[in-house]
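Notes follow the structure.
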Amino acid sequence: MKIGILLTGHAPATLIADTGDYDKIFAEMLGGHGLRFQNYAVVDGQFPAGADDADGWLITGSKHGAYEDHAWIAPLEALIRDIHARNQPLIGVCFGHQIIAQALGGKVEKHPGGWAVGHTDYKHGDQTLALNAWHQDQVTRRPKGARVLAGNDFCENAILAYGDTIWTIQPHPEFSAFFVDGLIRTRGRAVVPDRLLDAAAARLNRANNNADIATHMVGFFKKERA
């Protein structure tokens, strides 16, 4: 099964040498299950010929806002709607979560409460998911038909599902403690309040559910659909 990774941003240059860019991080996270990956750096204007270029799709995180005026935003939204119309499996993470909601009629805004950074708990049914967050923007109005699967008091729409073909998540199951530490050092200071960064640094080594979400994402892609 071929998964097209739609790269909507790049990891900090100082981290790429150790971790690779976001496409490599996701390919390693989801690897070993018969999935093949191809990267399309849409943030740099590199788009697939169409939705049928892959069997399933994943949209990464980004430092950009879904509501910003970039030349690649409108064609990405059009591609999302085409993928949705074709009932292809689509996963969005952070920015990917937001741009999918926006493309399908929802709204994305900066949260008036500020940032969520580092190890964060989310209510998922009768379970608690611990995942690394790094965002100020979030989905503030869900598209018609979107179902909330997980959230918390700060981020109500942390995991959304659209039918059985689209699954999106606001936090970052692909972010390790090493990567979050790198973001704190390279992108956080003078952008995110120091008190939040210091608290995130103190929580770096807490256990998380990254592996559980990776397993879910693989299963979502490979799921039998009518």
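The values are calculated or read from the model by the stated rules, or taken from the named source; none is laboratory data. Given the structure is predicted, the values throughout are model-derived calculations rather than measurements. Neighbour counts run over all protein chains shown; Cβ positions are idealised from the backbone, glycine included.
Overview of results
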item: Residue that is of a type in the set (Val, Ile, Thr) and closer than 20 Å to Pro173 by Cβ, where the choices are Ile73, Ile59; result: Ile59
item: Top-ranked residue of segment 168-203 - restricted to ones that are of a type in the set (S, T, N, Q) and closer than 18 Å to Met217 by Cβ, ranked as farthest from the chain's Cα centre (by Cα); result: Ser176
item: Odd one out for Glu77, checked against (1) crowded, with 16+ Cβ neighbours inside 10 Å; (2) more than 17 Å from the chain's Cα centre (by Cα); (3) charged (D, E, K, R); result: (2)
item: Enumeration of residues in segment 87-109 that are assigned to a strand (DSSP E or B) and without any contact (Cβ under 8 Å) to a residue 40 or more places away in the chain; result: Lys107
item: Complete set of residues in segment 1-49 that are touching a residue at least 12 places away in the same chain (Cβ under 8 Å), part of a loop (DSSP other than H, G, I, E, B) and either out of contact with any strand residue (DSSP E or B) (no Cβ under 7 Å at 6 or more places or on another chain) or of a type in the set (A, V, I, L, M) (or both); result: Met1, Leu7, Gly9, His10, Ala11, Pro12, Asp21, His33, Gly34, Leu35, Ala41, Gly45
item: Every pair of residues 6+ apart whose Cβ atoms lie under 6 Å, when the first sits in segment 199-219 and is modelled with pLDDT of 95 or more while the second is exposed (fewer than 12 other Cβ atoms within 10 Å of the Cβ); result: none
item: Residues of segment 31-56 satisfying the condition of being more than 21 Å from Ile169 (Cβ to Cβ), charged (D, E, K, R) and surrounded by 13 or more Cβ atoms within 10 Å (Cβ to Cβ); result: Asp53
item: Residue in segment 153-167 that is assigned to a loop (DSSP other than H, G, I, E, B), within 16 Å of the chain's Cα centre (by Cα), closer than 27 Å to His33 by Cβ and acidic (Asp, Glu) present; result: no
item: Selected residue (criterion: nearest to Ile5 (Cα to Cα)) from residues of segment 50-86 that are assigned to a loop (DSSP other than H, G, I, E, B) and charged (D, E, K, R); result: Asp55
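Per-residue answers, yes or no, for (1) buried (at least 22 other Cβ atoms within 10 Å of the Cβ); (2) in contact (Cβ under 8 Å) with a residue 60 or more places away in the chain; (3) out of contact with any helix residue (DSSP H, G or I) (no Cβ under 6 Å at 6 or more places or on another chain); (4) not aromatic (Phe, Trp, Tyr):
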site	(1), (2), (3), (4)
Gln127	no, no, yes, yes
Ala133	yes, no, yes, yes
Arg142	no, no, yes, yes
Gly145	no, no, yes, yes
Pro171	yes, yes, yes, yes
Ala177	no, no, yes, yes
Gly182	no, yes, no, yes
Arg187	no, yes, yes, yes
Leu196	no, yes, yes, yes
